[in-house]
1. Hey, could you check region 1-42 for residues that are basic (Lys, Arg) and in contact (Cβ under 8 Å) with a residue 12 or more places away in the chain and say which is nearest to ASN181 (Cα to Cα)?
2. Just to verify a result, which residue in region 54-86, among those that are among the β-branched types (Val, Ile, Thr) and more than 19 Å from ASN181 (Cα to Cα), is surrounded by the fewest Cβ atoms within 10 Å (Cβ to Cβ)?
3. Could you check how many residues of region 98-119 are buried (at least 21 other Cβ atoms within 10 Å of the Cβ), among the aliphatic types (A, V, I, L, M) and at pLDDT below 95?
4. Could you list, in sequence order, all residues of region 219-256 that are closer than 15 Å to GLY59 by Cβ and of a type in the set (S, T, N, Q)?
5. What's the total number of residues in region 112-125 that are in contact with a Leu (Cβ under 9 Å, 6 or more places away or on another chain) and either closer than 24 Å to CYS31 by Cα or assigned to a strand (DSSP E or B) (or both)?
6. Collect the residues in region 127-167 that are under 14 Å from ILE106 (Cα atoms) and part of a strand (DSSP E or B), keeping them in residue-number order.
7. Just to be sure, is ARG122 touching a Ser or Thr at 6+ places or on another chain (Cβ under 7 Å), at pLDDT 95 or above and surrounded by fewer than 15 Cβ atoms within 10 Å (Cβ to Cβ)?
Amino acid sequence: MRIAIQGGRASFHDMAVRRYFCEQEPELIACRTFREQFTGLRAGAVDYVVMAIENTLAGSLLPNYSLLEEFEARVVGEVYLHIQQDLMALPGQSLSEIRTVRSHPIALQQCSGFMENHPHLRSVETHDTADSAREIRESAISGAAAIAGNLAAEVYELEILAAGIQNIADNYTRFWVISRNGQDEQTQTANKASLSFHVRHEVGALANVLDIFRDNGVSLGLIQSVPIPGRPDEYAFHVDVESFARADFERALTRVKKITSHFHILGEYQSGVKPYDRASS
């Protein structure tokens, strides 16, 4: 099994793969961009893509929805990962000796409070958290630190100078597991679905769609609106449907399709377990 991830070994995408495919030993294909992941999937070079789609602090990764539709792939699963961001550097250095902090832009955003409290630190954006740690180790860069998960510190033998520096402790990222054609056998046992559709910019247009789900006893989770470039009179919506009975779900979809355009089922799958749900159970 070959799985494409954004970033490299010890990245949060790597950690998400380890959690979801915990009983298997897949081969990881490291990609610099999310688009590169999907290009490999379309070419048949990988079996799955594992891709971040939503974060507690940064919100939804809207361009990733577009990639899913552009490449006509399907969501077949999801996994939630608790994100703890640590500051790490070559051993033997103190925080006062660090001048630059390297990491992915979203990770830097998640740790903006820490950076503001240490004004001598300069942010340097990179394509990946773990690769930032790897580059510091391989190039022996002193005076530089990386923001990444603790697995990166372990793998690349760096010292953690400050742990848990994200703005809030309850920081979670939701990852989608994506395949080229989907898995039809999952649809009958799925308890969650992700949908995409367009509605006109008219009074009550979205409310009419939501009323259909309500009237059929279908619960909604995430509702995300996205402006459509060049079409100011329409909006795209991404919706998560949760805990539905199959008959109710299909009846609702039949009615929704009649009053929307560009309707797509992005995937039907088993909902992931949030780490805090597992801890409290």
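1. ARG42
2. THR56
3. Matching residues across region 98-119 total 1.
4. GLN224, SER225
5. Here the count works out to 3.
6. Correct list: ALA146, ILE147, ALA148.
7. So ARG122 fits the description; yes.
Every residue, every condition in (1) at pLDDT 95 or above; (2) under 26 Å from ALA153 (Cα atoms); (3) not hydroxyl-bearing (Ser, Thr, Tyr), yes or no:
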residue	(1), (2), (3)
GLY7	no, yes, yes
GLU25	no, yes, yes
ARG32	no, yes, yes
ARG35	yes, no, yes
ALA45	yes, no, yes
TYR48	yes, no, no
GLU54	no, yes, yes
SER60	no, no, no
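The values are calculated or read from the model by the stated rules, or taken from the named source; none is laboratory data. None of these values were measured; they are calculated from a predicted model. Here the Cβ is made from the backbone with ideal geometry for all residues, glycine too, and neighbour counts use every protein chain on show.
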